[in-house]
Amino acid sequence: MKGFLFVLFLFFSFSFVAAEEISYPITELNDCASEEECLVFCDDITHADLCFSYAKENGLMSDEELEEFEKILPFLKEGKTPGGCTSEAACDMYCQDTENADECINFALEAGFIKEEDAEIALAFMKRGGVGPGGCTMDACETYCEDASHMSECVDFAYE
């Protein structure tokens, strides 16, 4: 479950790992003149195909990022994002609202980012307001539960 929201939104951002080797402006990306402009351009899902092609052709994404993006691209092309969100920030805001947990988790499941078992765990976690044992949040619960002194509490939480 760790990083499940990160994986869900991975498709909106590019690491530009070789940014120092890029010549601006980038014609293929609406003539963006800087890394910041390109990231803003690529944060808009309507540009997903263009940005993905450019990043792939220029080695700007890791193999893992490419694989994850290829999973999500069909959904982007069809406009099937949670709540119809059109940017990472909008999707993040939408999916952090526990009222939208079902839709966001089902999206992650359908897109192949999580397994059925993990979806059930994530949904139960979100239904509890995104708070786990000891009051931990999703990203912090793994660390919290790795501490042996919290083991019983975490096992009880998982059993529930």
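The values are calculated or read from the model by the stated rules, or taken from the named source; none is laboratory data. What you are looking at is a predicted structure, and each value in this text was computed from that prediction instead of being measured. Every residue, glycine among them, receives a Cβ derived from its backbone with ideal geometry; neighbour counts consider all protein chains shown. Remember, those area values only see protein heavy atoms, side chains included, never the ligands or the DNA or RNA. Shrake-Rupley method; radii C 1.70, N 1.55, O 1.52, S 1.80 Å.
Descriptive notes on the structure:
- Scanning the stretch 99-111 turns up at least one residue that is open to solvent by less than 50 Å² (accessible area, probe 1.4 Å) and of a type in the set (S, T, N, Q).
- Within the stretch 134-153, tally of residues that are at pLDDT 85 or above and either under 17 Å from Asp118 (Cα atoms) or outside any loop (DSSP other than H, G, I, E, B) (or both): 12
- Matching residues, the stretch 48-60, being buried (at least 17 other Cβ atoms within 10 Å of the Cβ) and more than 15 Å from the chain's Cα centre (by Cα): Cys51, Phe52, Tyr54, Ala55, Leu60
- Filter result for Phe125 (surrounded by 12 or more Cβ atoms within 10 Å (Cβ to Cβ), at pLDDT 85 or above and touching a helix residue (DSSP H, G or I) at 6+ places or on another chain (Cβ under 9 Å)): no
- Residue satisfying all of: in the stretch 79-93; open to solvent by less than 60 Å² (accessible area, probe 1.4 Å) and not in a loop (DSSP other than H, G, I, E, B); nearest to Gly130 (Cα to Cα) among these: Asp92
- Exclusive hit being in contact with a Gly (Cβ under 6 Å, 6 or more places away or on another chain) and either within 20 Å of Asp92 (Cβ to Cβ) or touching a residue at least 12 places away in the same chain (Cβ under 8 Å) (or both), set Cys141, Cys136, Cys154, Cys145: Cys141
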